[in-house]
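The values are calculated or read from the model by the stated rules, or taken from the named source; none is laboratory data. Remember, it's a predicted structure, so these values are computed and weren't measured experimentally. Cβ placement follows ideal geometry from the backbone for every residue including glycine, while neighbour counts extend to all protein chains displayed. Side chains are part of the model used for accessible areas, which takes the heavy atoms of the whole protein and leaves out ligands, DNA and RNA. Shrake-Rupley method; radii C 1.70, N 1.55, O 1.52, S 1.80 Å.
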Amino acid sequence: ELKAVVFDLDGVLADTAVLHRAAWQQLAAEIDAPLDEATAERMKGVDRMGSLEILLEHAPRRYGDAEKAELAARKNARYAELIEHLDPNNLLPGARAAVESVRHAGLKTALASASRNAPRLIERLGIADLFDYVVDASHITHSKPDPEIYLAAAAGLGLAPADCLGVEDAAAGIASIHAAGMAAVGIGRADALAEADVLLPNIAAFDIDRIRTKSGPPAR
Ligand code: G6P
Ligand code: MG
């Protein structure tokens, strides 16, 4: 029985995927690493160091751990600066309504963002009070596609994963949701999210009543 919906943040509720991308793109240019669409897509949903490792696959030279830490910090300083300019207008259309509709339906809500900037971001966006539980990304050791973050969300809500539904815009996120034993709603394009149980073009199309009747209890 569906009892909760666990939302990803970047690219699902907020248009921050483009800000992460811009910050990575600037770093990529500085170290002469090509960053094409397919590589950028793979970096979505993956944690900071995991994303950096993907970027460095195509870098012209190898980097040591201390250098990697510096590169990640450089990218994050820029991203952190970018999100300070955000306000509730930067929520994606329909994002607040989607989370509120879940609450009004009597279900619980959680946030499962791999971003260590998530607490600051939901404050800037004015949605921090909409979640019954927010996973602290700094306590997660295995990045999406590992199930750890979605399992932590279910545990934080006090629910079985099978009673939760996850919502994601990245392939790594859909894989994480499924590995946790939840059904997955994909937000975005079919080519990137082929594994999703339900695919929606954007969060404005999220209709909790439709999902409840259509999917019934999560299939997984
Ligand atoms: C989210 C984004 C990724 C980002 C990751 C880590 O999952 O989709 O693009 O790399 O968070 O974010 P952070 O803010 O901790 O660097
Ligand atoms: Mg995302």
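Some points to look at:
- At q = 0.10, 0.12, 0.16, 0.18 Å⁻¹ the log10 of I(q)/I(0) for the chain amounts to -0.41, -0.60, -1.05, -1.30, computed by Debye summation with a single uniform scatterer per C-alpha, solvent ignored.
- Mean ellipticity per residue at 222 nm, deg cm²/dmol - from DSSP H runs of n ≥ 4 across the chain, formula -39500 (n - 2.57): -12500 deg cm²/dmol
- Look at the Cα gyration tensor of region 106-206: its axes a ≥ b ≥ c give a/c under 1.5, and that counts as rounded.
- Per residue, in Å², the accessible surface of the chain once ligands and nucleic acids are set aside, probe 1.4 Å: 46
- The alpha-carbon of Lys44 sits under 24 angstrom from the alpha-carbons of these lysines, leaving out residues fewer than 8 places away in its chain: Lys68, Lys75, Lys144.
- Solvent-accessible surface (1.4 Å probe) assigned to Lys108 amounts to roughly 90 Å².
- Ordering Thr141, Val6, Leu55 by Cα displacement along the dipole of the chain toward the positive end leaves Val6 in first place; charges were set at the Cβ atoms of Lys, Arg (+1) and Asp, Glu (-1).
- DSSP beta bridges in the chain [antiparallel fraction, %, rounded to 5]: 5
- With all protein chains in place and a 1.4 Å probe, the accessible surface of region 97-150 carries 46 percent carbon and sulfur.
- With K and R counted +1 and D and E -1, the other residues having a Cβ less than 11 Å from that of Thr39 yield a net charge of -1.
- For Lys3, a cut-off of 19 angstrom between C-alpha atoms picks up these aspartates and glutamates, skipping any fewer than 8 places away in its own chain: Glu100, Asp129, Asp132, Asp163, Glu168, Asp197, Asp207, Asp209.
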